[in-house]
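Q: Provided herewith is a single structure, encoded as structure tokens, for subsequent inquiry.
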Amino acid sequence: MGIHALLRLVRWPNLLIAAATQYLLQYLVLVPSLRAAGYSPTLDDFNFFLLVVDTAIVAATGYIVNDLLDLTSDLVNKPEKVFIKRFFSVRQAYLIYSILLLAGLFLAWHLALHVGNPLLTLIYPAACGMLWLYSQYFKKWPLWGNVVVSMFVAFVAGIVLFAEREAFAALMKTDSSEIRETAWIFAGYLIFAFFSNLCREIVKDMEDVEGDRLHQAMTLPVRYGMGVARGWALSCGLVLLSLLGILNYLFAIKDLWAAFLFSLVALTLPAGALLVLIYRAREKNHHSRASMLLKYIMLAGLILLLLWKS
């Protein structure tokens, strides 16, 4: 059991992207607005770092428990990506899961005490418990599992705003144009994160349909067929494309041309290509390409945030 294998088990690139998302939203969007209005953030730099680490631990435990509970079907769907039994025994994986759970609970308790509300500690076990329920039950139900995990992806951004909810609520009463823009950025990013991930989760279910059918996981394509699943994926893609169209319009009227060009070339055009790819997809490798394109779009959305506010 090496460090490299452990990092692969917890999907370290995804954890880095989640951390980058939270840092960009905090220090490019939220903190400048708070300080411009004379407010200090609730969390100082060190405690915000601990919040980011705790969020990463929640995600890591979710990946591990998902791998443990999906081990049999993953050996059919994606044997080359199965780490448990290759690099770790099942017992070792559960040990890592337990250690991370305890470490995350300690950080959650510390943060709750830091803001003077010990009850906020309960958010952590609730989040970890929901991820376990997702892996054990929800992901085997048509669409519901996709919605739950997409809510967690949006939660990565939402928890930043939640941590500063009191100061932000006070700011919203000032009727400042900068505050309104901050609110729109958060709302837009949450919607973008939710629908891009929902589309990807449905596409991944289409990619894994054979293994899921073999193990009686009632995902959307297994329960209702590939045509219905394709319709849902296309609908999510259309919402995503519409959101990008609105965003491009806002960039244009505000003369934010660098953000406009990046959004058009790196996001809007790929989102249009994605719809074509999903519509034409019939083979497993087609769905795999669509899933990778969605992952790229999600990463490009993060880069757009950097261009927008830098």
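Q: If you scan the stretch 139-158, which residues turn out to be of a type in the set (A, V, I, L, M, F, W, C) and within 17 Å of N14 (Cα to Cα)?
A: Result: V149, M151, F152, V153, A154, F155, V156, A157.
Q: With a cut-off of at least 1 residues that are modelled with pLDDT of 90 or more and out of contact with any Pro (no Cβ under 7 Å at 6 or more places or on another chain), name the helices (runs of 4 or more DSSP H) lying wholly within the stretch 180-274.
A: It comes to 220-224, 226-253, 257-262.
Q: When only residues in the stretch 229-251 that are among the aliphatic types (A, V, I, L, M) and loosely packed, with under 15 Cβ neighbours inside 10 Å count, which is farthest from M298 (Cα to Cα)?
A: Per the criteria, the residue is I246.
Q: Here's something else I'd like to know. Is at least one residue of the stretch 73-81 within 24 Å of T55 (Cα to Cα), of a type in the set (S, T, Y) and either modelled with pLDDT of 95 or more or surrounded by 14 or more Cβ atoms within 10 Å (Cβ to Cβ) (or both)?
A: no
Q: Something else: What are the pairs, 6+ residues apart or on separate chains, where a residue within the stretch 104-132 that is of a type in the set (S, T, N, Q) has its Cβ under 7 Å from a residue that is surrounded by 13 or more Cβ atoms within 10 Å (Cβ to Cβ)?
A: Pairs that qualify, where the first residue is of a type in the set (S, T, N, Q) and the partner is surrounded by 13 or more Cβ atoms within 10 Å (Cβ to Cβ), are T121/A108; T121/W109; T121/A112.
Q: Hey, another quick one. What is the residue count in the stretch 275-309 for residues that are under 20 Å from A193 (Cβ atoms) and either outside any helix (DSSP H, G or I) or in contact (Cβ under 8 Å) with a residue 60 or more places away in the chain (or both)?
A: 14
Q: Let me ask something additional. Mind listing just one residue for me: the one in the stretch 163-179 that is in contact with a Pro (Cβ under 9 Å, 6 or more places away or on another chain) and acidic (D, E) and, of those, least open to solvent (accessible area, probe 1.4 Å)?
A: Among residues in the stretch 163-179 that are in contact with a Pro (Cβ under 9 Å, 6 or more places away or on another chain) and acidic (D, E), the one least open to solvent (accessible area, probe 1.4 Å) is E164.
Q: Related question: Scan (1) modelled with pLDDT under 90; (2) under 22 Å from I191 (Cβ atoms) for the single condition E283 breaks and write down its number.
A: (2)
The values are calculated or read from the model by the stated rules, or taken from the named source; none is laboratory data. Nothing here was measured: the structure is a model prediction, and the numbers come from that model. Cβ atoms come from the backbone with ideal geometry, glycine included; neighbour counts cover every protein chain shown. Ligands, DNA and RNA are excluded from the accessible area calculation, which covers all protein heavy atoms including side chains. Shrake-Rupley method; radii C 1.70, N 1.55, O 1.52, S 1.80 Å.
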